[in-house]
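**Q** I'd like to ask you about the structure that follows.
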Amino acid sequence: MAPGITELDEFRKDEIVSVWEPKKETPIVIGKALTDSKTIKEVRKGKAIKNLHHVGDQTWNLTLKIYTKQTT
């Protein structure tokens with residue numbers, strides 16, 4: 001939801017974006033922008049990002065497992 005977004009970079013509608021926890025150390029969601037960043041800044045209400053993957057879901061865990069395996 002747009003009101004929960006405290007900071008954002010520029011992006012267009014339908015782009016894939018990441019949502020980070022407040023300390024900006026870890027991404028918590030990968031999503032698809034439902035509107036562009038300019039509109040989110042101006043309107044400040046409504047849905048902004050469609051959640052595609054989040055921390056702990058099957059795809060997230062598989063990606064983390066593959067990444068960890070490649071870096072060790």
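**Q** Taking the range 29-58, which residues are surrounded by 15 or more Cβ atoms within 10 Å (Cβ to Cβ) and under 8 Å from the mean Cα position of the chain (by Cα)?
**A** Within the range 29-58, V29, I30, G31, I49 meet the criteria.
**Q** Turning to a different aspect of this structure: Filter the range 44-64 down to the residues that are of a type in the set (K, R), at negative phi and out of contact with any Ser or Thr (no Cβ under 9 Å at 6 or more places or on another chain) and list them by number. Walk me through it before giving the result.
**A** First, the residues of the range 44-64 that are of a type in the set (K, R): 44-45, 47, 50.
Filter once more, keeping what is at negative phi: 45, 47, 50.
Across the range 44-64, the qualifying residues are K45, K50.
**Q** Need pairs with beta-carbon distance below 8 Å; first residue at negative phi and within the range 1-17, second assigned to a loop (DSSP other than H, G, I, E, B) and among the hydroxyl-bearing types (S, T, Y); sequence gap 6+ or separate chains.
**A** Close Cβ pairs (under 8 Å, with a partner that is assigned to a loop (DSSP other than H, G, I, E, B) and among the hydroxyl-bearing types (S, T, Y)) amount to K13/T35.
**Q** Out of all the residues in the range 48-72, which are in a loop (DSSP other than H, G, I, E, B) and either out of contact with any helix residue (DSSP H, G or I) (no Cβ under 7 Å at 6 or more places or on another chain) or of a type in the set (S, T, N, Q) (or both)?
**A** Going through the range 48-72, the residues in a loop (DSSP other than H, G, I, E, B) turn out to be 48, 55-57, 72.
Selection gives V55, G56, D57, T72.
**Q** Continuing with the same structure: Between residues in the range 20-36 that are under 13 Å from L8 (Cβ atoms) and residues that are among the β-branched types (V, I, T) and loosely packed, with under 12 Cβ neighbours inside 10 Å, which pairs lie under 6 Å by C-beta distance while being six or more apart or on different chains?
**A** From the range 20-36, no pairs qualify.
**Q** Which one is surrounded by the most Cβ atoms within 10 Å (Cβ to Cβ), of the residues in the range 1-17 that are outside any loop (DSSP other than H, G, I, E, B) and modelled with pLDDT of 90 or more?
**A** The first filter runs over the range 1-17 and keeps only residues outside any loop (DSSP other than H, G, I, E, B), leaving 2-4, 16-17.
Still in the running and modelled with pLDDT of 90 or more: 16-17.
Values: I16: 11, V17: 19.
Filtering the range 1-17 for residues that are outside any loop (DSSP other than H, G, I, E, B) and modelled with pLDDT of 90 or more, the one surrounded by the most Cβ atoms within 10 Å (Cβ to Cβ) comes out as V17.
**Q** Can you pull out every residue in the range 29-45 that is of a type in the set (A, V, I, L, M, F, W, C) and outside any loop (DSSP other than H, G, I, E, B)?
**A** Residues of the range 29-45 that are of a type in the set (A, V, I, L, M, F, W, C), as a first pass: 29-30, 33-34, 40, 43.
Result: V29, I30, A33, I40, V43.
**Q** Could you check the range 18-28 and list, in sequence order, the residues that are in a loop (DSSP other than H, G, I, E, B) and surrounded by 11 or more Cβ atoms within 10 Å (Cβ to Cβ)?
**A** Just the residues of the range 18-28 that are in a loop (DSSP other than H, G, I, E, B), to begin with: 21-26.
Across the range 18-28, the qualifying residue is only E21.
The values are calculated or read from the model by the stated rules, or taken from the named source; none is laboratory data. Note that the structure is a prediction, hence the values are computed from the model and not measured. Ideal geometry is used to build each Cβ from the backbone, glycine not excepted, and the neighbour counts take in all protein chains shown.
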